[in-house]
Amino acid sequence: MEETATVKHPLNLEGVEIGKVVDFDPATDQLYPFNLTASNTELSPEVLADTAVFSDWISGHLAKANARYGIGGYDEHRTIYARSHHFDSGEEPRRLHLGVDIWGPAGTVVYNFYDAIVHSFKFNDHYGDYGATIILKYEINGQVFHALYGHLSLNSLAGLKQGQKIPKGSAFATFGIPEENGHWPAHLHFQLIFNLYTAKGDYPGVCQFSKKAGFLLNSPDPSAILKHTFKAALI
């Protein structure tokens, strides 16, 4: 997930101080890289079919690694979405992940990394969906883009208003429990989006593999933001 000197990120963040997304101390905290592709044979249909078992699988790996969070998923072709009909679309199901997942306990605080306004929010209450979702709008160095925060607690939506200012460093949301986050193990789906088109409170976080190029162009690698939270721990 690290950028290299030969690859220019489509976001222009030059000279801008980016804040944290979650609490993390690189000196003491560990970050565990999750692989949720078909190559991970531990992810049996039995594990994926039961949210409690899947949650135990996630928390067990974090505990074994003594890691505060798990991370991963950008541009990852995942078979885990077969657990929900929400990702079945026509002849080709949606399987390519467009954001980064940060896995951690329900109630984990989410912070805004830069001054923003609320674009939209929604409770996407379907099995396998985002659950409680907030989209913030940013303008940095003259460039407008959005960040989608998915799988939040329902309480995170309380009192929000479209156009509301969310200052940098604000604790504005928390990770939701499965009943509020689309029935997933507790985590944050963090995705950058240039053009939302007509979407409000929702935008695909998983696309069909055949449409990969266009979707990845519109949703660039979030490591440009997250590397400021996780420092050298981000791989």
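The values are calculated or read from the model by the stated rules, or taken from the named source; none is laboratory data. This is a predicted model, so every value here is computed, not measured. Note that we place each Cβ from the backbone using ideal geometry, even for glycine, and neighbour counts take in every protein chain shown. With ligands, DNA and RNA removed, areas are computed over all heavy atoms of the protein, side chains included. Shrake-Rupley method; radii C 1.70, N 1.55, O 1.52, S 1.80 Å.
Taking the criterion of being of a type outside the set (A, V, I, L, M, F, W, C), within 15 Å of VAL109 (Cβ to Cβ) and surrounded by fewer than 16 Cβ atoms within 10 Å (Cβ to Cβ), the residues of the range 169-187 that qualify are GLY169, SER170. For ASN66, the test of being at pLDDT 95 or above and crowded, with 16+ Cβ neighbours inside 10 Å is failed.
Does at least one position in the range 32-47 carry a residue that is within 21 Å of TYR111 (Cα to Cα), touching a helix residue (DSSP H, G or I) at 6+ places or on another chain (Cβ under 9 Å), loosely packed, with under 10 Cβ neighbours inside 10 Å and at pLDDT 95 or above? For the range 32-47, residues within 21 Å of TYR111 (Cα to Cα), touching a helix residue (DSSP H, G or I) at 6+ places or on another chain (Cβ under 9 Å), loosely packed, with under 10 Cβ neighbours inside 10 Å and at pLDDT 95 or above: absent. Open to solvent by less than 50 Å² (accessible area, probe 1.4 Å), in a loop (DSSP other than H, G, I, E, B) and either modelled with pLDDT under 95 or more than 21 Å from ILE18 (Cα to Cα) (or both) - does that describe any residue in the range 208-219? No, there is no match, as no residue in the range 208-219 is open to solvent by less than 50 Å² (accessible area, probe 1.4 Å), in a loop (DSSP other than H, G, I, E, B) and either modelled with pLDDT under 95 or more than 21 Å from ILE18 (Cα to Cα) (or both). Evaluated against (1) under 17 Å from the mean Cα position of the chain (by Cα); (2) farther than 24 Å from PHE34 by Cα, ALA158 falls short on exactly one condition, (1).
Within the range 116-136, none of the residues are modelled with pLDDT of 95 or more and among the acidic types (Asp, Glu). The range 133-205 holds no strands (runs of 3 or more DSSP E) entirely within its bounds that carry 3 or more residues that are of a type in the set (Phe, Trp, Tyr). Taking the range 98-118 as the range and being open to solvent by 40 Å² or more (accessible area, probe 1.4 Å) and not aliphatic (A, V, I, L, M) as the test, the residues that pass are PRO105, GLY107, TYR114, ASP115.
If you take the residues of the range 124-154 that are over 16 Å from the mean Cα position of the chain (by Cα) and within 20 Å of ASP202 (Cβ to Cβ), which of them is most open to solvent (accessible area, probe 1.4 Å)? Here the answer is HIS126. Need the failing condition index for PHE175 against (1) over 12 Å from the mean Cα position of the chain (by Cα); (2) at pLDDT 95 or above; (3) among the hydrophobic types (A, V, I, L, M, F, W, C); (4) closer than 29 Å to ALA67 by Cβ, just the number. All conditions are met except number (1).
State which residue pairs qualify: first residue farther than 14 Å from TYR114 by Cα and modelled with pLDDT of 95 or more and inside the range 147-168, second residue among the small types (Gly, Ala, Ser) and assigned to a loop (DSSP other than H, G, I, E, B) in any location, beta carbons under 6 Å apart, and separation of 6 or more residues or different chains. As it stands, the answer is HIS151/GLY176; LEU152/GLY176; SER153/GLY176, since those pairs meet every condition given.
Would you mind stating whether PHE230 is in contact (Cβ under 8 Å) with a residue 24 or more places away in the chain, among the aromatic types (Phe, Trp, Tyr) and more than 20 Å from ARG95 (Cα to Cα)? Judged against the criteria, PHE230 is a match.
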